[in-house]
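Each remark here refers to the structure printed beneath this line.
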Amino acid sequence: MGAPSLFAVCSGMVAVALPSGAFAQAMPEPVLPPVTLAFMAAPPARVSHQPPAHLEVGNQVFDGSLSGFRTYLDTQRATNPQLFSQLDPQVRDLESQATAARGVAVAGMVVALVSIVYAVAGQKTCNGPPITDPNITADLQAWGACNSDNGTHIATFMLLGVGSFTLGWIGWYALSPGRSDVLSLVNAHNRISHEPIRLQLGYDPTNRLALGGVSTVF
């Protein structure tokens, strides 16, 4: 009994192992879909950083923008009134220009919001005629015309909203003072001041972070 039993057990193990091995050899290699392969082969995303800009005067540092220049100029109101009186009108003009740019952007957003709301809320109420309507043919035509008017209404005011939003931001971009305006202020300052303003690009003195910057004196 011992020998036949051992032979039967070994035969069963071989019989089970052979189909399993054959099945493992028959399984194909997993193939990734093209989208996954393209995603794995794509280069890593590059994050762009806007180099910081600062105005440095002596041991003081201000933001390299119109508001930063205004903050610096206000510190000179009492200590250097002549410098303040010469530069303040130019700064006021640029501030008025920035206010106008913000007004254009806000107006564009308001018109866009009102147009989109009216495109949805200003539709006509179109009710289909019942089957028992004696004038069903004419009423069906009127119902179709009503729905067509609603479609035209929605498209018109949606386009008006998108156009107003786009024009508002284009106007804001065109009217807003840029870096060239700040550089004009810096040049005007350095022509009449014994302590020049240095423009720091690519370095944040508050965080001691350098991004390949440069220091320029005008």
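The values are calculated or read from the model by the stated rules, or taken from the named source; none is laboratory data. Since we're looking at a predicted model, the values are computed, not measured. Ideal geometry is used to build each Cβ from the backbone, glycine not excepted, and the neighbour counts take in all protein chains shown.
Listing for the model above:
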{"quantity": "Failed item in (1) under 30 Å from residue 197 (Cβ atoms); (2) not in a helix (DSSP H, G or I), with residue 131 passing the rest", "calculated": "(1)"}
{"quantity": "Candidates 163, 122, 151, 144 - the one that is over 30 Å from residue 192 (Cβ atoms) and within 26 Å of the chain's Cα centre (by Cα)", "calculated": "163"}
{"quantity": "Residue match in region 105-124 (condition: closer than 30 Å to residue 187 by Cβ and in a helix (DSSP H, G or I))", "calculated": "yes"}
{"quantity": "Residue identified as touching a strand residue (DSSP E or B) at 6+ places or on another chain (Cβ under 8 Å) and modelled with pLDDT of 90 or more among 177, 196, 205", "calculated": "196"}
{"quantity": "Residue list for region 160-183, filter: surrounded by 17 or more Cβ atoms within 10 Å (Cβ to Cβ) and not in a helix (DSSP H, G or I)", "calculated": "176, 177"}
{"quantity": "Residue match in region 119-132 (condition: surrounded by 11 or more Cβ atoms within 10 Å (Cβ to Cβ), of a type outside the set (Gly, Ala, Ser) and either under 23 Å from residue 174 (Cβ atoms) or out of contact with any helix residue (DSSP H, G or I) (no Cβ under 8 Å at 6 or more places or on another chain) (or both))", "calculated": "no"}
